[in-house]
Amino acid sequence: MPSPPTTEQELLERCRAIAGLSVAELAAQLDVAVPANLRQHKGWLGELVEKALGADAAGRSEPDFRALGIELKTLPLNAQGKVQESTWVCTVPLRAASGLRWEDSCVYHKLRHVLWLPVEAAADIPLSDRHIGNALLWRADAQQLAALQADWEELMEAVALGQFESLDARHGEVLQIRPKAAHSRVLVYAIGPAGEPMQTLPRGFYLRVGFTNALLQAHYA
DNA sequence: AGGTGATCATCC
DNA sequence: GGATGATCACCT
């Protein structure tokens, strides 16, 4: 089990070392069994690469590489090499929403510095045979940051007004709000339109595939 | 109770 | 075919 990388250089070297490996090969190196599919193990691959690269924040609300302040995200690619799923960012604050500034938001902090790791994910490739891609260590540029901030401010304005029930995944250009829970009966406390405590489905911020595809393409094109 | 890692299943 | 809403497993 690798210890946490101490420099970006070291982290990138580890990425190079696993690039091109199949999931079966990487799992074997770590002495981990590969499940038949991801249906009941949705986060398995993300956790495998965390382990492979020496992420040390396992399960904590901190960057995956704590010393470096870097977040790790896998990007599932389809047969055309395009990102095929949205990317989970963080929970939407449904209670302390008013007065929250972009610079203090979880979205801003999570996306400050991200190590994107593309992985083959087309449904017709058995999990074991999927290959790890070339990692991209990324910082949002001014344009990306502005797009994220604009969406965040628009979405959070509705949340702060307690209008989250009228928000759905169609709002937001690059960032969207969707349910994030074990199932649709889970409830969390929130502050409603009249400032009253209420309960609602937990929501999360997700990056649309258009955003992640664009940042991959900008780098690999 | 709510965070981490996400993909699944269905509808348009 | 792509996006939305639902769901899975495990952790702190």
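If you take every DSSP beta bridge whose two residues both sit in segment A:1-140, what share of them, in percent to the nearest 5, is antiparallel? Please report the intermediate quantities before stating the final value.
Working: 7 of 14 bridges.
The antiparallel fraction comes to roughly 50 percent.
Given the -39500 (n - 2.57) contribution per DSSP H run of 4+ residues, what per-residue ellipticity at 222 nm results for chain A, rounded to the nearest 500 deg cm²/dmol?
Numbers: 6 runs with 64 residues, N = 221.
The per-residue figure over chain A is -8500 deg cm²/dmol.
Over segment A:151-208, one equal point on each Cα, no solvent: what is log10 I(q)/I(0) by the Debye formula at q = 0.14, 0.17, 0.18 Å⁻¹?
Normalising to I(0) and taking log10 leaves -0.36, -0.53, -0.60.
Separation of segment A:199-215 and segment A:1-75 by C-alpha centroid, Å?
That distance is 22 Å.
Under the rule of at least 5 residues apart or a separate chain, name every residue whose amide H is placed under 5 Å from the amide H of residue A:75.
A:117, A:119
Can you work out D for chain A in µm² s⁻¹ from Stokes-Einstein, where Rh is the Kirkwood radius over C-alpha pairs, the temperature is 4 °C and the viscosity is 1.567 mPa s?
Values: Rh = 18.6 Å.
Roughly 70 µm²/s, to the nearest whole number.
Would any residue of segment A:110-126 have its amide N under 15 Å from a label point 7 Å out along Cα→Cβ of residue A:24? List them or say none.
Backbone N within reach: A:125-126.
Once you measure Cβ to Cβ distances between cysteines in chain A, which Cys have no partner under 4.7 Å?
Taking the Cβ cut-off of 4.7 Å, the unpaired cysteines of chain A are A:15.
Heavy-atom accessible area per residue, chain A, 1.4 Å probe: how many Å²?
Per-residue accessible area for chain A comes out at 54 Å².
The values are calculated or read from the model by the stated rules, or taken from the named source; none is laboratory data. Quick caveat, the model's predicted, so the values are computed rather than measured. Here Cβ is always computed from backbone atoms with ideal geometry, including for glycine, and neighbour counts include all displayed protein chains. Only protein heavy atoms, including side chains, enter the accessible area calculation; ligands, DNA and RNA are left aside. Shrake-Rupley method; radii C 1.70, N 1.55, O 1.52, S 1.80 Å.
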